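Shown next, in structure tokens, is the structure this report addresses.
The values are calculated or read from the model by the stated rules, or taken from the named source; none is laboratory data. Keep in mind the model is a prediction, meaning the values are calculated, not measured. FYI the Cβ positions are ideal-geometry reconstructions off the backbone, even for glycines, and counts take in every protein chain you see.
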Amino acid sequence: MASTGLSFSVPGEAAVPAACDVVVGIAAWNNAGTIGEVARAVAHALGRYGPGAGVVLADGGSADGTIERAREALAGMPAVMTVEFARPAIDPLRAPYHGLPGRPAAMASIFREAAGRQAKALALVDAALTSVTPDWIARLVDPVLEGGFDFVSACHARLAHEGAITRSIVYPLFRALYGLRLHQPAAGEFGCSLRFVRQVLDQDIWAGEAAQTGIDVWLESEAATGQFQVGEAQLGPRTRAPTPDAPDLSTTLTQVVGALFADLAARTEVWQRVRGSVPVPSFGEAPKIAEPSSVPDVMPMLEAFRLGYTALADLWGWILEPRILLQLKRLASAPPERFRVDDGLWVQIVYDFALAYGLRTLPRDHLLGALTPLYLGWLAGFLLELGEAEPADADARVERLCLAFETKKPYLIAGWRWPDRFRA
Amino acid sequence: MWTQVEHIMQEATSRIVQRIAAFIPGLVAALVFILAAVVLAIVARTLTVRALRGLDFDRRAPQWGLGLLAEWSPARSASAFIGRAVQWMVLLAGLLVALTALDAAMPLQLALSIFEYVPHVLAAAVILAVGFVLAQFFARAVLIGAVNMQIQAARELSLAVKWLVIIVAASMALEQLQIGRQILVLAFGILFGGIVLATALAVGLGARDIVGRVLERWFRRRPDGEPDHLDHV
């Protein structure tokens, strides 16, 4: 092991940790094609932290030479630890949206290694990414190391039409719930302090099935609701290598929104006391990204929404108020040039689905599956409204939506506290 | 002779009086049973309705596929329907117990044979209820899945699944009730065989190209894994 520069530890084996000031964790499983580039970027970034920097490579049993590629790329690093994590059997039709089965176990392994080595700062990146640069690591680590921050969330540069689940549901709802303007709560990359690592390692989230897809949202919520200093790092675009078993839109929506709704249900005592929201310190400049030459075709989205209305209106009737159904009926027959999902309508839909999730009005998979056509309707309206706008215009539009979520939050609180009155 | 006639009349009267005297306690017991059954039935109905309303059953029944119960009730309430069913079952049981108290051979046999049949009826009722719940569950899952896969005939597909499950449940319930066993198996075989054959012919002859395209799309997913080229998260 010493000759390769890699020290291996396996679960159950007592490791003797050497102290590291900065640790970067790389979670991998069969990423031979991309891990070299990621590891080189990490090694380059860690060069400026001196000998007190280390890398923890968490591997889920790769069979394609991932470890060897990482070993080559990290050859000059003084401290590289490899840990194995247990990868659960995954239904191929319901693969996790983040692309790494066993991600919570990978994170827990990295956290344990970092805590064992008394790391003052830890950053985590995914080995499947193709856009990691040394700046990413610096922006995630420096605020923790120099600014005393406990958690630094990633904020990736995105095109106007990208990340629509985050823009339409995750960011506005997370912000309204916990009062922090963290723009991408489901982003997979982050930096954190030893205090944060120790705090989350003590929780019993890691082995649960819900963590498989909800761990990222849970970590951000934990940071937002605990006594932690939270910031946001402006990173470049996030691209990852294509995976053959990437889940479809409905499964992705079910996983991401389900994770947020589950978090909402688990932290009722916290979010009911929060009013308004505050911005978080931002680190780094958001890079400009070139807009694509064409915008996505909205017609299939409109068709999906209309088909959803035709087939699922009865089902939506159990979740949404009659006046909302009436508005959806009008929308379903609206021509594309007048098709817009009003902010108030969308907020009411999301809140009603959250309340139905809490009340278990329907089996949760069914409930979240029934949200997909509504989401596509929102996306179509959003894209039609923006046209060929710049990402900044999209951000301004999302800001208005977020304010609507915050304004309407008393409705969610009332519905959650008095479901009988709400349903009467 | 008059003495003999008188003796015979006395004996006949005595026998009738004895018979009546022997019957009256049974009759009184039967009346008591019936009265008790009426009271018990009312109490059982009230408790059942209250318990079900406490569980919000009227709102949940349609979601579980038991909306039909409300339609069968004059009060349009599934709880009221089940309460009434419980009331009649208790009354019927009371009546049968009352019949046995009369100590008559035929009513006794009738009561016993009905009591022997009751477990089958209850099992059939449970099978039907579970069948309706499962039918609703699968129909909804298929409906949502089909809509999200942009299948235009999502409702028809969902209805087909729903009725398929209901037919299977109904067949199992009839089997439990020991009604038309052989005919049922035969009819079921013909029905399913017919459906499979018709589907195979329709797919093989009429929709060969469409199925081919669907399968091709299914197996040859886009290289980036996102059918619409959008990164939604």
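Quick look at the values:
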read-out	value
Checklist (1) in the same structural domain as A:W378 (by TED's automatic domain parsing); (2) modelled with pLDDT of 95 or more applied to A:V278, failing item	(1)
A:V141 being buried (at least 24 other Cβ atoms within 10 Å of the Cβ), in a helix (DSSP H, G or I), touching a strand residue (DSSP E or B) at 6+ places or on another chain (Cβ under 9 Å) and modelled with pLDDT of 95 or more	yes
Check on A:A106, in a loop (DSSP other than H, G, I, E, B) and either in the same structural domain as A:A28 (by TED's automatic domain parsing) or small (G, A, S) (or both)	no
Unmet criterion (only one of (1) under 20 Å from the mean Cα position of the chain (by Cα); (2) part of a loop (DSSP other than H, G, I, E, B); (3) of a type in the set (S, T, N, Q)) for B:Q152	(1)
Flag if A:T251 is surrounded by 22 or more Cβ atoms within 10 Å (Cβ to Cβ), farther than 23 Å from A:L401 by Cβ and not charged (D, E, K, R)	yes
Single residue of the range B:145-169 satisfying the filter (under 12 Å from A:A311 (Cα atoms) and charged (D, E, K, R)) that is surrounded by the most Cβ atoms within 10 Å (Cβ to Cβ)	B:R155
Top-ranked residue in the range A:276-329 [being out of contact with any strand residue (DSSP E or B) (no Cβ under 8 Å at 6 or more places or on another chain) and of a type in the set (V, I, T); ranked as farthest from the other protein chains (Cβ to nearest Cβ)]	A:I324
Options A:R238, A:R195, A:R175, A:R139: the member that is in the same structural domain as A:R275 (by TED's automatic domain parsing) and either in contact with a helix residue (DSSP H, G or I) (Cβ under 8 Å, 6 or more places away or on another chain) or not basic (K, R) (or both)	A:R175
Matching residues in the range A:226-241 - criterion: being at pLDDT 95 or above and in contact with a Lys or Arg (Cβ under 9 Å, 6 or more places away or on another chain)	A:F228, A:E232, A:A233, A:Q234
Boolean, B:F138 is in contact with a Lys or Arg (Cβ under 9 Å, 6 or more places away or on another chain) and either within 14 Å of chain A (Cβ to nearest Cβ) or touching a residue at least 12 places away in the same chain (Cβ under 8 Å) (or both)	yes
Single unsatisfied condition, A:W318 versus (1) without any contact (Cβ under 8 Å) to a residue 12 or more places away in the chain; (2) closer than 20 Å to B:R59 by Cα	(1)
Any hit, the range A:341-356, residues being in a helix (DSSP H, G or I), touching a residue at least 12 places away in the same chain (Cβ under 8 Å), surrounded by fewer than 17 Cβ atoms within 10 Å (Cβ to Cβ) and facing chain B (nearest Cβ under 10 Å)	no
Pairs, first within 20 Å of A:R273 (Cβ to Cβ) in the range A:213-234, second basic (K, R), C-beta under 8 Å, six or more apart	A:S221/A:R267; A:T225/A:R267; A:F228/A:R195
For B:D58: the one exception among (1) without any contact (Cβ under 8 Å) to a residue 40 or more places away in the chain; (2) at negative phi; (3) surrounded by fewer than 18 Cβ atoms within 10 Å (Cβ to Cβ)	(3)
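Residue by residue, here is whether (1) assigned to a helix (DSSP H, G or I); (2) within 14 Å of chain A (Cβ to nearest Cβ); (3) modelled with pLDDT of 90 or more holds:
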position	(1), (2), (3)
B:D58	yes, yes, no
B:A61	yes, yes, no
B:L69	yes, no, no
B:R76	no, no, no
B:A85	yes, no, yes
B:W88	yes, no, yes
B:L91	yes, no, yes
B:A98	yes, no, no
